[in-house]
Amino acid sequence: MSKALEGVRVLDFTHVQSGPTCTQLLAWFGADVIKVERAGEGDATRGQLRDIPGVDSLYFTMLNHNKRSITLDTKKAKGREVLDSLIKSCDVLVENFAPGALDRMGITWAHVQKLNPRMIVASVKGFGPGKYAECKVYENVAQCAGGAASTTGFEDGPPLVTGAQIGDSGTGLHLALGIVAALYQRERTGRGQKVLAPMQDAVLNLCRVKLRDQQRLERSGVMHEYPQYPDGQFGDAVPRAGNASGGGQPGAILKCKGWEADPNAYIYFITQAAVWPAICRVIGEEGWVDDAAYATPAARLLHLKPIFARIEKWTMTQDKFAAMDILNEHDIPCGPILSMKEIAADASLRESGTIVEVDHPTRGRYLSVGNPIKMSDSPTEVTRSPLLGEHTDEVLQQLGYSSEDLATLRAEKVI
Ligand code: CAO
């Protein structure tokens, strides 16, 4: 079966996490992704957080599936020549170097346009234009600057970053969408364009509801579904809301049977208005269905803490999976708090290809996250990440370099 992006060739200048997540998606959709790395060291993540000495780390292998790898010193004149032929033969250049690094390499937008006016140049940077445009940025910096940290955590604690890599992988996703849209526009215009996804902006986009709440707070001074209501105080900025749902349907994380010993024996419970009578019946509080203090969503907002305390009395009698089964029989939205250990063993995620086992020549078999986006006409087969420079000869020969040329480039440490 063909793939959605078959025939699209990507010059992949990405490293660490944000850029590689983007090009990995493009590869999963069928693009030929050629990762350019420095000879000897390659992407820094190959050697970071290693669990097996001398072997590409899981950090690297899990972010670089389905790609080809070439080594190239782009600071040498001959390396620049190879790079120029790659630019001529590729559709997209993706990079996430520190600001200015691509220009310092001589790969300016004008240079790219001269060589290949159809090329799309896509970049991740920490910040967009403005006072921080020149700053280097990693995941947690983006989470802090994009509004996630100030709105995550409990009201009496410090700002918190989340384990979801919304700065890196979240920005990679945004960039991938920009690239696909630019490819689509190129079909009509014949022209490439620059695509920029700043990490701060991507995090803010994912925190959109908190900017909504900032304006609600400024208008009314209070937000009824936040844990600060009705007893606490609101300041002038959106406060941290703990595990409150943040939406129109109040929710909370509640203890389940075994919570004393198991740090993940919890369930997320949403008191969706449509199923309030069912909730009352399940927890044994049938009287709350018609009690004026509990019968309407507005009335319940005044009593959320005691309501969730009562529901928790019930969830503590069930393990999280049993609670999930019972609640789902009544269409009550809920979700078990799953550990990574439980997720790794999840049969449905394995069945759908979202958790995959991959073979690697030096590491052996390992577990990874496959393509979370499923397409009926473009299935994803996850293949292992490339060894450093594994495809240098193959790619350069495709560009027209002879065996003698390769020997010279190798002797001069260009590849
Ligand atoms: N041959 C020769 N030189 C190469 C090369 C190659 N194949 N590939 C990269 N280089 C050079 C670059 O040209 C650059 O050189 P100069 O600084 O002399 O111009 C140098 O390697 C280092 O690039 P860098 O500044 O991007 O790398 P760093 O490790 O110092 O910074 C990071 C890393 C992530 C902080 C920075 O790249 C960055 O801010 N990127 C944008 C935001 C981003 O994507 N952050 C997410 C990272 S994941 O958490």
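Taking residues in the range 157-171 that are free of Cβ contacts under 8 Å to residues at least 60 places away in the same chain, and partners anywhere that are outside any loop (DSSP other than H, G, I, E, B) and surrounded by fewer than 18 Cβ atoms within 10 Å (Cβ to Cβ), the pairs with Cβ atoms closer than 6 Å and at least 6 places apart or on different chains are Val161/Asn140.
Got a sec? Which of Asp51, Asp73 is over 27 Å from Lys413 (Cα atoms) and open to solvent by 40 Å² or more (accessible area, probe 1.4 Å)? Steps first, answer last, please.
Values: Asp73 fails: over 27 Å from Lys413 (Cα atoms).
Of Asp51, Asp73, the one residue that is over 27 Å from Lys413 (Cα atoms) and open to solvent by 40 Å² or more (accessible area, probe 1.4 Å) is Asp51.
At least 2 residues being at pLDDT 95 or above and more than 14 Å from the ligand (Cβ to nearest atom) is the threshold, and among the helices (runs of 4 or more DSSP H) wholly inside the range 98-179 those reaching it are 109-115. Going by the conditions given, is Val36 at pLDDT 95 or above and more than 10 Å from the ligand (Cβ to nearest atom)? In short, no. Taking every residue in the range 267-290 that is more than 20 Å from Phe321 (Cβ to Cβ) and hydroxyl-bearing (Ser, Thr, Tyr) and pairing it with any residue that is open to solvent by less than 40 Å² (accessible area, probe 1.4 Å) and part of a strand (DSSP E or B), at least 6 positions away or on another chain, the pairs with Cβ-Cβ distances below 9 Å are Thr271/Gly251; Thr271/Ala252. Applying the selection to the range 76-88, what residues are open to solvent by 20 Å² or more (accessible area, probe 1.4 Å) and either of a type in the set (Lys, Arg) or within 13 Å of the ligand (Cβ to nearest atom) (or both)? Scanning the range 76-88 gives Lys76, Ala77, Lys78, Arg80, Lys88. Condition check for Ala77 on (1) free of Cβ contacts under 8 Å to residues at least 24 places away in the same chain; (2) closer than 17 Å to Leu175 by Cβ: one failure, at (2).
Against the test of being closer than 21 Å to Ile34 by Cβ, open to solvent by 20 Å² or more (accessible area, probe 1.4 Å) and out of contact with any Pro (no Cβ under 8 Å at 6 or more places or on another chain), the options Pro129, Pro159, Pro117 yield a single qualifying residue, Pro117.
Say we look at the range 246-263 and pick out the residues that are open to solvent by less than 50 Å² (accessible area, probe 1.4 Å) and in a loop (DSSP other than H, G, I, E, B); which of these is nearest to Val289 (Cα to Cα)?
Selected residue: Pro250.
Restricting attention to the range 59-70, the residues that are open to solvent by less than 10 Å² (accessible area, probe 1.4 Å), touching a His at 6+ places or on another chain (Cβ under 7 Å) and away from the ligand (no atom under 14 Å from the Cβ) total 1.
Only a single criterion out of (1) assigned to a helix (DSSP H, G or I); (2) out of contact with any Gly (no Cβ under 7 Å at 6 or more places or on another chain); (3) within 15 Å of the ligand (Cβ to nearest atom) is not satisfied by Asp201, namely (2). Within the range 3-22, residues that are over 19 Å from Ile87 (Cα atoms) and open to solvent by less than 10 Å² (accessible area, probe 1.4 Å) have Cβ atoms under 6 Å from residues that are aliphatic (A, V, I, L, M) and within 11 Å of the ligand (Cβ to nearest atom) in these pairs: Ser18/Val124, counting only partners at least 6 apart in sequence or on another chain.
The values are calculated or read from the model by the stated rules, or taken from the named source; none is laboratory data. Since the structure is predicted, the reported quantities are computational estimates derived from the model, not experimental observations. With ideal geometry, Cβ positions are generated from the backbone for all residues, glycine too; neighbour counts draw on all protein chains shown. Surface areas here come from the heavy atoms of the whole protein model, side chains and all, with no ligands, DNA or RNA. Shrake-Rupley method; radii C 1.70, N 1.55, O 1.52, S 1.80 Å.
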